[in-house]
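Any read-out appearing in this document is the output of simple, stated calculations on the displayed coordinates, not a laboratory observation. These numbers were taken from a predicted model, which means no experiment stands behind them. Note that each Cβ is placed from the backbone with ideal geometry, even for glycine, and that neighbours are counted across all protein chains shown.
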Amino acid sequence: MKAETRAPQEWSHDDLERFEAFVKAAGEVEPTGLGNRIAHAVSLTLLREGSALIGSAAVKIPSAAYRRRVFQKAEAQLDDRRYNQELGWIAIHSEYRGQKLSRTVVDSALESIAPAPVFATSRASNLPMHRTLERFGFARVGRPYSSERSDEQLVLFVRDARDTGAAKVGSSNVE
């Protein structure tokens with residue numbers, strides 16, 4: 001297995017379509033306008049086993065309105081304007097879960113950006129993702145808030161530029 005991270009314009013049209021379909025199938029994203037948001041991401045990470053896409057992640061530039069809404073809903077006592085990048089679209093194919101592959105895609109995605117404040121959200125019930133985010137220097141802030149897409153609660157995590165020295169998983173290759 002190998003995780004590759006590139007800017008959207010560096011991926012083939014087929015890879016971008018596969019990435020979009022994979023993220024939509026994970027069911028935790030607003031599908032309307034997703035192709036445009038993918039095209040404007042900082043980087044996309046694809047984890048493959050052979051030619052099969054089994055994992056994804058991205059570093060995105062969220063709109064100011066979205067970012068402000070997330071921080072307000074979480075009642076985070078932080079200036080949301082500091083967090084111009086969002087780690088998201090993290091998904092692992094159901095057949096590969098439990099193998100800690102989220103670490104691989106998160107590591108590869110974060111390596112693609114300069115140290116800077118970044119935020120992420122996760123379902124409150126997704127404790128394995130919380131552990132992954134914490135492993136990479138993210139801290140939970142605020143309180144859980146209601147998702148606009150489901151009955152789930154979401155949790156806000158932030159990582160400041162100085163917090164990037166979290167435990168290193170190693171290379172983006174998985175044995």
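The distance linking region 5-23 with region 55-89 is 22 Å (Cα centroid to Cα centroid, whole angstrom).
Would you mind classifying region 98-142 by shape? Square roots of the alpha carbon gyration tensor eigenvalues, ordered a ≥ b ≥ c; an a/c under 1.5 is rounded, otherwise it is prolate if a/b is larger than b/c and oblate if not. It comes out oblate by the Cα gyration axes. How much net charge surrounds Arg68 when only the other residues with a Cβ under 9 Å from the Cβ of Arg68 are counted, with Lys and Arg +1 and Asp and Glu -1? Net charge in that neighbourhood comes out at +2. The shape of region 61-128 comes out oblate: with a ≥ b ≥ c from the C-alpha gyration tensor, a/c is at least 1.5 while a/b does not beat b/c. Counted without the sites themselves, the longest stretch of the chain free of trypsin sites (Lys or Arg not before Pro) in a DSSP loop having at most 12 other beta carbon atoms within 10 Å is 1-148. Label separation (Ser150 vs Arg82): 3.0 nm, computed from points 7 Å beyond Cα along the C-beta direction. I want the local charge near Leu127. Using Cβ-Cβ distances under 12 Å, sum +1 for each Lys or Arg and -1 for each Asp or Glu among the other residues. Counting the neighbours of Leu127, the net charge comes to +2.
Going from the residue with the fewest nearby Cβ atoms within 10 Å to the one with the most, Ile54, Ile61 rank Ile61, Ile54.
Go through region 1-100 and name the GluC sites (Glu not before Pro) that are in a DSSP coil and have 13 or fewer other Cβ atoms within 10 Å of their Cβ.
Listed in order of number, the matching sites are Glu75.
With Cα atoms as the point set, region 1-91 shows a radius of gyration and Dmax of 14.0, 44 Å. Exposure proxy for Tyr66, Tyr96: other Cβ atoms within 10 Å of each Cβ, ordered fewest to most, give Tyr66, Tyr96. Adding -39500 (n - 2.57) for every DSSP H run of four residues or longer, then dividing by how many residues the chain holds, sets the calculated 222 nm ellipticity at -8500 deg cm²/dmol.
Tell me, His40, His93, His13 in order of fewest to most beta-carbon neighbours within 10 Å?
Ascending Cβ contact count within 10 Å gives the list His13, His40, His93.
Would you look at the GNM of the chain, springs on alpha carbons closer than 10 Å, and say which of Ser12, Ser43, Ser146 moves the most? With Cα springs under 10 Å in the chain, the top fluctuation among Ser12, Ser43, Ser146 is at Ser12. The shape of region 1-47 comes out oblate: with a ≥ b ≥ c from the C-alpha gyration tensor, a/c is at least 1.5 while a/b does not beat b/c.
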